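Working notes, beginning with the structure itself.
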Amino acid sequence: MDGWTLLRAALLVAVWLARGQWALEFRHHHYEELVQVLNSVHNMCPYISRLYSIGRSAAGRHLYVIEFSDNPGMHEALEPEFKYVGNMHGNEVLGRELLIQLAQFLCEEYRAGHQRITQLIQDTRIHILPSMNPDGYEVAATQGPEFNGYLTGRGNSRDVDLNRNFPDLNALMYYHEKNNGRNHHFPLPDNWEEQVEQETLAVIKWMQNYNFVLSANLHGGAVVANYPFDKSREPRIRGKTTYSATPDDNLFKKLAKTYSYAHSWMHRGWNCGDYFEEGITNGAGWYSLSKGMQDFNYLYTNCFEITLELSCDKFPPASALQREWLGNREALVSYVEQVHHGIKGMVYDENNNPIGGAVISVSGINHDITSGVSGDYFRLLLPGTYTVKASAPRYQPSTNVVTVGPAEAVQLHFYLKVAAKESNPNKKHPGERNPLSAKPLPALLGPR
């Protein structure tokens, strides 16, 4: 952030503090105004918030995130990380404004001592990225809500659609499904950093640096909660869609319904001339989408993400923003609270040292997650009884049975013993061929 922007923000905050009230209105915010608002929220709640940049856009604008936590800037063991991402398409602006409002709301509620929000901030590390595509927003905003074209400002400053710009891991996932291969944390293709836009690169690096558990990506143009997979397993046929379920399909439906039913009208189904039963849809069942951020989260990280389409108008007028905030406020908070369901715990060795990168497997669900660098893990699950296994290289796996209820996450810790050294029965003899080399992995499919 340059010195002039910081000075303007500081002066504006000083005026607001002197008045003892917020000056935030239900209106659209250009980039500089967005920066000022985020600074004002941080200055009003300095002990529970942090403002940081994850990188820059193609035109050089910072991608600012505001974090809420009782210890901002620190990961606390067994405290889950959550993120909201808005304005990925520059002309879909409601999510941007809702996340600005949410940041203000969290700060105000905490300052007022309201129990629900205070508890949420104490138990959760919440990251809010109001605009992933500030360059596209400025293009769309020059036309405004009355004259904005359907695609004007959708892409970044290089006119690239950021939700078609992530590495395509679905193709690799679908191959492994048929060959009983790995089911999570798929490797990125060679030279992937050169194949994506700066905004996409910044978000992927962000994902690599934080062990996010749950996320939502806010869009516009429809009113529905969309869950993975976005990309169909079947070849694309014009006029035909195919439901493409993840191994966590029932869980994703529940997450989508949490938002839909907490939203004032999404759950009714009929919106924008379309009908989605209960206000939710499988992405590929709606239309197949390749290289999207939602599927990438699930296949590359421990994070479960859904896509929230929040308004019929991509760029609604300022007069509609208050109604939209009131319609989404409860849903935005309720969805964050879902990060506290399922199981969580620590993975230790025999000396109580945390083990990072341990694989957590749930019997009957073909999607594993891993423990973070501090040894803690978080596995979202529906109520039920599960057999859970923790494993790590050089350690004996450990298995436990756990019953998950509808309330907060059950803590389940694992203590792994070092595996006994033994001769390798799979050691190759001279001239012996590795059978795995008979089936080389196919190259990733290109963009559609």
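Every number in this text was worked out from the coordinates using simple rules, so none of it is lab data. Only a predicted model underlies this, so the values are computations on that prediction, with no experimental measurement involved. Here the Cβ positions follow ideal geometry from the backbone for every residue, glycine too, while neighbour counts run over all protein chains shown.
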### Query
Ordered by residue, what ³J(HN,Hα) values in Hz, to whole numbers, does region 344-351 give under the Karplus form 6.51 cos²θ - 1.76 cosθ + 1.60, where θ = phi - 60° and Gly and Pro are x?
8, x, 10, 10, 10, 8, 5, 9
### Rg over Rh, two decimals, region 163-321 (C-alpha only, Kirkwood Rh)
0.98
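Could you give the size of the charge dipole of the chain about its Cα centre, using +1 on the Cβ of each K and R and -1 on the Cβ of each D and E, expressed in debye and rounded to the nearest 20?
Using Cβ point charges on Lys, Arg, Asp and Glu, the chain gives about 1040 debye.
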### Task
Taking GluC sites (Glu not before Pro) as candidate sites, keep only those in a DSSP loop with at most 11 other Cβ atoms within 10 Å, then name the longest stretch of the chain containing none of them.
26-349
### Task
Hydropathy first: keep DSSP H helices in the chain averaging at least 0.5 on Kyte-Doolittle, then drop any whose Cα extent along the axis falls short of 15 Å, and list what survives.
3-19
### Task
Would you work out the relative contact order for the chain, in percent, from Cα pairs under 8 angstrom that are 6 or more residues apart?
15
#### Entry: Contour excess over end-to-end distance, with Cα ends at T242 and A318 and 0.36 nm allotted per residue
23.6 nm
### Hull-based mean projected area of region 343-416, where the convex hull spans the alpha carbons, in square nanometres
4.5
#### Entry: Charge-dipole axis of region 130-223 as Lys and Arg at +1 and Asp and Glu at -1 on Cβ define it, positive-most pick from L151, Q195, Y210
Y210
### Task
Provide the descending list of Cα extents for the chain along its principal axes, expressed in whole angstroms.
76, 53, 44
### Message
Can you compute the helix-only [θ] at 222 nm over the chain? Use -39500 (n - 2.57) per DSSP H run of at least 4 residues, normalise by all residues, nearest 500 deg cm²/dmol.
### Response
-9500 deg cm²/dmol
### Message
Sort 223-229, 369-375 by the packing proxy (mean of other Cβ within 10 Å over each peptide's residues), most packed first.
### Response
223-229, 369-375
### Query
Normalised by the residues of region 343-416, what does the relative contact order come to in percent, with Cα pairs under 8 Å and at least six apart?
37
### Query
Near the amide H of Y415, under 5 Å away, which other amide H atoms are found, from residues 5 or more places off or on another chain, if H is placed in the peptide plane?
Y348
## Note on the structure
Free-by-geometry Cys in the chain, Cβ-Cβ under 4.7 Å as pairing rule, reported as C303
## Note on the structure
If each part is reduced to its alpha-carbon centroid, region 335-412 and region 176-235 end up apart, in Å, by 22
